[in-house]
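I'd like to ask some things about the structure below.
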Amino acid sequence: MSRKYRLMTLLAAGAALVGTVVAPATAMAAPSCTSDLCLWSGINYTGTKSSAGYFDKNTHCYPDKHYNSAVSRTGYSIRMYNGSSCNGPSFVLGPGKQVAKTQFVVHSFRRA
């Protein structure tokens with residue numbers, strides 16, 4: 001066998017192995033959320049549940065909390081921040097989306 005052929009075979013086997021090891025996680029069904037935004041202190045919608053209603057446009061920051069999962073029932077995006085005053089690293093939770101485990105502990109949020 002040529003060196004090139006062995007290398008190609010090895011790469012293909014490695015790719016197949018990675019595909020089986022890194023299988024997509026099963027999504028968890030979120031518990032009931034009757035507010036515009038529901039947030040939980042734990043991952044997978046566990047721990048203390050909090051909720052938020054109407055969000056004014058980009059002006060009000062909801063600070064100093066600790067959230068690890070969220071469900072949005074809004075028609076707009078919510079920006080989630082790692083910093084306690086809507087600063088620092090952030091990500092956007094899209095309209096009608098949910099996340100069982102946030103990218104980091106969310107300490108504050110506002111309408112995006």
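If you go through the range 66-81, how many residues are surrounded by fewer than 19 Cβ atoms within 10 Å (Cβ to Cβ), in a loop (DSSP other than H, G, I, E, B) and within 12 Å of the chain's Cα centre (by Cα)?
Residues in the range 66-81 being surrounded by fewer than 19 Cβ atoms within 10 Å (Cβ to Cβ), in a loop (DSSP other than H, G, I, E, B) and within 12 Å of the chain's Cα centre (by Cα): 0 in total.
Shifting gears a bit: Of all residues in the range 91-112, which are touching a Gly at 6+ places or on another chain (Cβ under 8 Å) and surrounded by 14 or more Cβ atoms within 10 Å (Cβ to Cβ)?
His107, Ser108
Tell me, which residue of the range 60-82 that is in contact (Cβ under 8 Å) with a residue 40 or more places away in the chain and of a type in the set (Val, Ile, Thr) is nearest to Gln98 (Cα to Cα)?
Result: Val71.
Is it true that some residue in the range 36-51 is of a type in the set (Gly, Ala, Ser) and farther than 20 Å from Gln103 by Cβ?
Yes - at least one qualifying residue is present in the range 36-51.
Still on this structure, I have one more. Give me the pairs, please: first residue somewhere in the range 33-58 and assigned to a loop (DSSP other than H, G, I, E, B), second residue anywhere and among the acidic types (Asp, Glu), beta-carbon distance under 8 Å, and either six or more positions apart or on two chains.
Listed pairs, sorted by first residue: Gly53/Asp36; Tyr54/Asp36; Phe55/Asp36.
A further question follows. Output the number of residues of the range 83-112 satisfying the condition of being touching a residue at least 12 places away in the same chain (Cβ under 8 Å) and not in a loop (DSSP other than H, G, I, E, B).
The qualifying residues number 10.
Every number here is computed from the coordinates shown, using simple stated rules; none is lab data. It should be emphasised that the depicted structure is a prediction, and the values quoted were computed from it without experimental measurement. Positions of Cβ are backbone-derived with ideal geometry, glycine not excepted, and every protein chain shown enters the neighbour counts.
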